[in-house]
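First up is the structure itself, then whatever we jot down about it.
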Amino acid sequence: MNILSVTIFVFLIFILIGIFLFFAVNLYYSIRSRNCPYIGTSQETIDKILKEAELKEGQYLLELGCGDGRVLRQAAREYKIKGRGIDIHGWAILKAKILARLQNLKNVEFERGNIFQVKLGEAGVIYLFLTREILEKLAPKIKNEIWPGALLISHGFEIPELEKELLKTIEHGGGLPSFQRITYFYKCQNPND
Ligand SMILES: C[S@@+](CC[C@H](N)C(=O)[O-])C[C@H]1O[C@@H](n2cnc3c(N)ncnc32)[C@H](O)[C@@H]1O
């Protein structure tokens, strides 16, 4: 074996290890987030939701379960918001960070974490595309922590616990699965009112 074949052999081994690690880590995160798998909001839907949200420059948009950050990145590009996205899925967060860097978006940050451990803080707008089960568990936290007057957008599933605060709903095209056809907008009042 000459030096060239050894180099090619070692290179191929590294490629194989890389591919294996990629699939192993993806499998690990898929199992961890099996109660709410990663499904990105479609492009057409994001356009419509962001328009309806009437975002203002400098507004703080928090996304719980942000996936690859497509909603936040688009909002930062088109509406100049400040954003923070949290997701349990490490690969999705890595992709979000890389794309934000490539798109030169300085006002959005992405972190790997559990949405139940994130303080809602002074977010003026919160975006969620989660499951009914997760929303049910998240509702008490939202009611306790949401900033008075904040807009909460839940794509796909309503939050019955916030029924009184429902501002409007918007519908999306028929090509989407049924759980992605309606987006619910809630204008949250002071939780103690
Ligand atoms: C349906 S995807 C939506 C992704 C993104 N919001 C979008 O609209 O394109 C739901 C995301 O929530 C994340 N997720 C589910 N449970 C979570 C938890 N407890 N903490 C953080 N992220 C969570 C999943 O990893 C997944 O990426």
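The values are calculated or read from the model by the stated rules, or taken from the named source; none is laboratory data. Values in this document were obtained by computation on a predicted structure and should not be read as measured data. No Cβ is skipped: glycine too gets one built from the backbone with ideal geometry, and neighbour counts run over all protein chains shown.
This table checks each residue for (1) in contact with a Phe, Trp or Tyr (Cβ under 9 Å, 6 or more places away or on another chain); (2) of a type in the set (A, V, I, L, M, F, W, C); (3) under 26 Å from residue 91 (Cα atoms).
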| residue | (1), (2), (3) |
| --- | --- |
| 128 | yes, yes, yes |
| 149 | no, no, no |
| 158 | yes, no, no |
| 171 | no, no, no |
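Of all helices (runs of 4 or more DSSP H) completely enclosed by region 48-150, which ones contain at least 3 residues that are out of contact with any strand residue (DSSP E or B) (no Cβ under 6 Å at 6 or more places or on another chain) and of a type outside the set (A, V, I, L, M, F, W, C)?
Once the helices (runs of 4 or more DSSP H) in region 48-150 are filtered for at least 3 residues that are out of contact with any strand residue (DSSP E or B) (no Cβ under 6 Å at 6 or more places or on another chain) and of a type outside the set (A, V, I, L, M, F, W, C), what remains is 70-79, 132-145.
Can you pull out the residues in region 66-92 that are more than 9 Å from the ligand (Cβ to nearest atom) and modelled with pLDDT of 95 or more?
Scanning region 66-92 gives 73, 74, 75, 76, 77, 78, 79, 80, 81, 82, 83, 84.
Can you work out which of the residues in region 132-144 that are surrounded by fewer than 16 Cβ atoms within 10 Å (Cβ to Cβ) and of a type outside the set (Lys, Arg) is farthest from the ligand (Cβ to nearest atom)?
So, considering only residues that are surrounded by fewer than 16 Cβ atoms within 10 Å (Cβ to Cβ) and of a type outside the set (Lys, Arg), the one farthest from the ligand (Cβ to nearest atom) is 144.
Condition first: buried (at least 21 other Cβ atoms within 10 Å of the Cβ) and either among the basic types (Lys, Arg) or not assigned by TED's automatic domain parsing to the domain that holds residue 122 (or both). Now tell me which residues in region 48-107 satisfy that.
73
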